[in-house]
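Let me begin by presenting the structure, written as structure tokens, before commenting on it.
The values are calculated or read from the model by the stated rules, or taken from the named source; none is laboratory data. Here the structure is a predicted model, which means the values were calculated and not measured. As a convention, Cβ positions derive from the backbone with ideal geometry for all residues, glycine included, and neighbour counts pool all protein chains shown. Only protein heavy atoms, including side chains, enter the accessible area calculation; ligands, DNA and RNA are left aside. Shrake-Rupley method; radii C 1.70, N 1.55, O 1.52, S 1.80 Å.
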Amino acid sequence: RDFWQQVADELPHAARALLVAEDEQGIVGTVQLLLAQPENQPHRADLAKMLVHRRARQQGVGAALLAAAETLARDCGKTLLVLDTASVEAERLYLRGGWQRCGTVPGYALLPYGGLCATTFFYREL
């Protein structure tokens, strides 16, 4: 809950954009675009927290969210996107979407129930 409150607090300041996909039952996916970057990286944005509900997986929701985020980034004057993921399933989505894998860092992130996991980094030039 604290995480989503922080996201909501940043939306009015244009530091972050939240895209949402819905079906007749409600929200089935979200992705965030972190637009506020250091002074020497105004051309870049981070794609973060791509989430697709299991009832909507394999139906193009992730690809649609990815395309919408890329369009929004272009509209905001961004020419480079970066992301990281610990999900092998998400890696396939990003590769199909034209993203380039940079590499994997072992033990980069904490798992929700303890332990460390590897994270893979990707970029996409717009």
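Taking segment 58-70 only, how many residues are out of contact with any strand residue (DSSP E or B) (no Cβ under 8 Å at 6 or more places or on another chain) and either at positive phi or open to solvent by less than 70 Å² (accessible area, probe 1.4 Å) (or both)?
Within segment 58-70, residues that are out of contact with any strand residue (DSSP E or B) (no Cβ under 8 Å at 6 or more places or on another chain) and either at positive phi or open to solvent by less than 70 Å² (accessible area, probe 1.4 Å) (or both) number 4.
Exactly one of these conditions fails for Phe3: (1) within 22 Å of Glu125 (Cα to Cα); (2) among the aromatic types (Phe, Trp, Tyr); (3) without any contact (Cβ under 8 Å) to a residue 24 or more places away in the chain. Give me its number.
(1)
Taking Gly60 as meeting all but one of (1) under 19 Å from Glu91 (Cβ atoms); (2) touching a residue at least 40 places away in the same chain (Cβ under 8 Å); (3) of a type outside the set (Ser, Thr, Tyr), write down the number of the exception.
Exception for Gly60: condition (2).
Filter segment 24-37 down to residues that are loosely packed, with under 15 Cβ neighbours inside 10 Å and in contact with a strand residue (DSSP E or B) (Cβ under 9 Å, 6 or more places away or on another chain) and give me whichever is modelled with the lowest pLDDT.
Selected residue: Ala36.
Out of Gly98, Gly114, report the one residue that is modelled with pLDDT under 95 and at positive phi.
Exactly one of Gly98, Gly114 is modelled with pLDDT under 95 and at positive phi, namely Gly114.
Within segment 40-57, how many residues are farther than 18 Å from Glu91 by Cα and either buried (at least 17 other Cβ atoms within 10 Å of the Cβ) or modelled with pLDDT of 95 or more (or both)?
Filtering segment 40-57 for residues farther than 18 Å from Glu91 by Cα gives 40-45, 55.
Next, only the ones that are either buried (at least 17 other Cβ atoms within 10 Å of the Cβ) or modelled with pLDDT of 95 or more (or both) stay: 40-45.
Final tally of qualifying residues: 6.
Would you confirm, using the coordinates I've provided, whether Val82 is within 19 Å of Tyr123 (Cα to Cα), out of contact with any Leu (no Cβ under 9 Å at 6 or more places or on another chain) and either open to solvent by 30 Å² or more (accessible area, probe 1.4 Å) or among the small types (Gly, Ala, Ser) (or both)?
Working: within 19 Å of Tyr123 (Cα to Cα): yes; out of contact with any Leu (no Cβ under 9 Å at 6 or more places or on another chain): no; either open to solvent by 30 Å² or more (accessible area, probe 1.4 Å) or among the small types (Gly, Ala, Ser) (or both): yes.
In short, no.
Determine whether segment 65-84 contains at least one residue that is without any contact (Cβ under 8 Å) to a residue 12 or more places away in the chain and among the polar types (S, T, N, Q).
yes
Residues that are under 13 Å from the mean Cα position of the chain (by Cα), at least 3 per element: which strands (runs of 3 or more DSSP E) completely within segment 23-126 meet that?
So the answer is 26-34, 44-52, 80-85, 116-125.
When you go through (1) open to solvent by 60 Å² or more (accessible area, probe 1.4 Å); (2) closer than 25 Å to Ala56 by Cα; (3) of a type outside the set (Val, Ile, Thr) one by one for Gly97, which number turns out not to apply?
(1)
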